[in-house]
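The values are calculated or read from the model by the stated rules, or taken from the named source; none is laboratory data. Remember, it's a predicted structure, so these values are computed and weren't measured experimentally. Methodologically, a virtual Cβ is constructed for each residue, glycine included, from the backbone with ideal geometry; neighbour enumeration extends over all protein chains shown.
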Amino acid sequence: MTPRMHLLAACAAATFALMAGPAAAQNTGKLKVGLMLPYTGTFAALGNAIENGFRLYVAEQGGKLAGREIEFFKVDDESDPSKATDNVNKLIKRDQVDVLVGTVHSGVAMAMARAAKETGTLLIVPNAGADAVTGAMCAPNIFRSSFSNWQPGYAMGEVVAKKGHKNVVTITWKYAAGDESVKGFKEAFEKGGGKVTKELSLPFPNVEFQALLTEIAAAKPDAVYTFFAGGGAVKFVKDYAAAGLKGKIPLYAAGFLTDGTLEAQGADAADLLTTLHYADSLGTPRDNAFRLNYAKTYKLQPDVYAVQGYDAAQMLGVGLGAVKGDVSKKDAFADALRKAKIDSPRGPFTLSKAHNPVQDIYLRQVSGKENKSIGVATKSLADPGRGCRM
Ligand code: PHB
């Protein structure tokens, strides 16, 4: 070989190595998972529970999914939509994660969905209910392990109508989750013959409820429907009681109002009725095993957020298993999830065409430190997926 031929051969080998490098790295080596969650602010406890649940499932699989070790990259999104695009780009562009997992806040999740859609990065949403994520913004690479805001709201609308209440005032934070939860409630409640007579709100994450509670006391509705969560939910339940409304005007809510919050709410939460896709007393072997392992690992009781994090990891495992760890095979990854039955602690669920859980919504009542299931409010409730073209 002449020196020139040597050089050409070396160049060809180098080029081949470059081409083979990224392709080979797609199904071997560590899988980079980007956790974008709130670790500060009113939803901090929710973000931590999601991460705990996710890590628990991975640990149960021996630290690997589809044979790949998991490497975590974390960003605190602060539940701040104005920082969301920058934050998600830290994970996609800087850390070059294979999969995004996040988040809690609907406004932040919509920015994540936009970025996932643009870049084709896999996204699993472990809480945020923004209807658009599995509606107008749906995409083959976007999945949700939690719920749509419409789901618990709609189920509670049916419950409250059946109880014979006619005139309801709603109160929530003014952003996608609050608006859509109320919209779902109103759709079912008004179909059942009731009327939402006043829709009260305050900006997220404000907790100055006093003036609005005074307005409710003056309006004297048959009942109140609300969506609050995290630290805000603790304060709302305490303020509702302190305003003298508990026991006078029945309060109904999406189950987030009393999930992960009962310790702090104490007696002010007693007997509250809520609707959600999880409850503390399901008593199934699957849920018992999950709760036991969670409590042993973290010295904490799990809540709905822990379940959603756990199931996000299960869903990732199902998709990865079908493509033998090769995340570049997006169609096969999605096909496997569309056909899957996820063995969740909440009970098994499937995914709708738009990739949102089709699931039972429980009617729960607060009893001591537990959200006890008192029955299924709506069986196999599927979000309508309005606006999804896929
Ligand atoms: C949301 O913003 O979608 C959201 C936040 C907290 C919850 C539920 C939904 O508990």
Scanning the range 352-377 for residues that are in a strand (DSSP E or B), under 15 Å from the mean Cα position of the chain (by Cα) and surrounded by 24 or more Cβ atoms within 10 Å (Cβ to Cβ) gives Pro357, Gln359, Ile361
Note: among Leu46, Leu35, just one is part of a strand (DSSP E or B) and buried (at least 23 other Cβ atoms within 10 Å of the Cβ), namely Leu35
Per the list (1) buried (at least 24 other Cβ atoms within 10 Å of the Cβ); (2) in contact with a Leu (Cβ under 6 Å, 6 or more places away or on another chain), residue check on Asn141 breaks on (1)
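Do you know which residues across the range 197-212 are within 16 Å of the ligand (Cβ to nearest atom), of a type in the set (A, V, I, L, M, F, W, C) and either outside any loop (DSSP other than H, G, I, E, B) or modelled with pLDDT under 95 (or both)?
Matches in the range 197-212: Leu202 only.
For every residue, the table says whether it meets (1) among the aromatic types (Phe, Trp, Tyr); (2) at pLDDT 90 or above; (3) touching a helix residue (DSSP H, G or I) at 6+ places or on another chain (Cβ under 7 Å).
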| position | (1), (2), (3) |
| --- | --- |
| Ala25 | no, no, no |
| Ala45 | no, yes, yes |
| Glu51 | no, yes, yes |
| Phe54 | yes, yes, yes |
Pairs returned, first residue in the range 243-272 that is assigned by TED's automatic domain parsing to the domain that holds Asp222, second residue that is in a helix (DSSP H, G or I) and among the basic types (Lys, Arg), beta-carbon separation under 6 angstrom, 6 or more apart or interchain, are Asp268/Lys238
In the range 213-231, residues that are surrounded by fewer than 24 Cβ atoms within 10 Å (Cβ to Cβ) and within 14 Å of the ligand (Cβ to nearest atom) total 1
Of the residues in the range 299-321 that are away from the ligand (no atom under 16 Å from the Cβ) and among the aliphatic types (A, V, I, L, M), the one that is surrounded by the fewest Cβ atoms within 10 Å (Cβ to Cβ) is Leu300
Of those in the range 124-138 that are buried (at least 24 other Cβ atoms within 10 Å of the Cβ) and outside any loop (DSSP other than H, G, I, E, B), the residue farthest from the ligand (Cβ to nearest atom) is Ile124
Val160 passes all but one of the listed conditions (1) away from the ligand (no atom under 16 Å from the Cβ); (2) surrounded by 23 or more Cβ atoms within 10 Å (Cβ to Cβ); (3) free of Cβ contacts under 8 Å to residues at least 60 places away in the same chain; the exception is number (3)
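Can you confirm whether Lys296 is crowded, with 18+ Cβ neighbours inside 10 Å, basic (Lys, Arg), more than 23 Å from the chain's Cα centre (by Cα) and not assigned by TED's automatic domain parsing to the domain that holds Val207? Reasoning before the result, please.
Values: crowded, with 18+ Cβ neighbours inside 10 Å: no; basic (Lys, Arg): yes; more than 23 Å from the chain's Cα centre (by Cα): yes; not assigned by TED's automatic domain parsing to the domain that holds Val207: yes.
So Lys296 does not fit the description; no.
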Among residues of the range 163-181 being within 21 Å of the chain's Cα centre (by Cα) and part of a loop (DSSP other than H, G, I, E, B), the residue nearest to the ligand (Cβ to nearest atom) is Tyr175
Over the range 350-361, the set of residues of a type outside the set (Val, Ile, Thr) and over 13 Å from Val376 (Cβ atoms) is Leu351, Ser352, Lys353, Ala354, His355, Asn356, Pro357
With the first residue restricted to the range 322-343 and required to be buried (at least 18 other Cβ atoms within 10 Å of the Cβ), and the second required to be acidic (Asp, Glu), Cβ contacts under 9 Å at 6 or more apart or on different chains are Ala322/Asp335; Val327/Asp98; Phe333/Asp326; Ile342/Asp311
Inset, instruction - State whether one or more residues within the range 182-197 are buried (at least 18 other Cβ atoms within 10 Å of the Cβ) and under 25 Å from Phe54 (Cβ atoms). - result: no
Going through (1) within 12 Å of the ligand (Cβ to nearest atom); (2) within 20 Å of Phe54 (Cβ to Cβ); (3) in a helix (DSSP H, G or I) one by one, Ile92 fails only at (1)
Picked from the range 95-112 (must be within 10 Å of the ligand (Cβ to nearest atom) and in a loop (DSSP other than H, G, I, E, B)), the residue nearest to Gly319 (Cα to Cα) is Thr103
By residue number, the members of the range 76-123 that are surrounded by 22 or more Cβ atoms within 10 Å (Cβ to Cβ) and small (Gly, Ala, Ser) are Ser79, Ala84, Gly102, Ser106, Ala109, Ala111, Ala113, Ala116
Scanning the range 232-261 residue by residue, those within 16 Å of the ligand (Cβ to nearest atom), touching a strand residue (DSSP E or B) at 6+ places or on another chain (Cβ under 9 Å) and in a helix (DSSP H, G or I) turn out to be Gly232, Ala233, Phe236, Val237, Gly255, Phe256, Leu257, Thr258
Over the range 105-124, the set of residues in contact (Cβ under 8 Å) with a residue 60 or more places away in the chain and under 14 Å from Phe143 (Cβ atoms) is Met112, Gly120, Leu122, Ile124
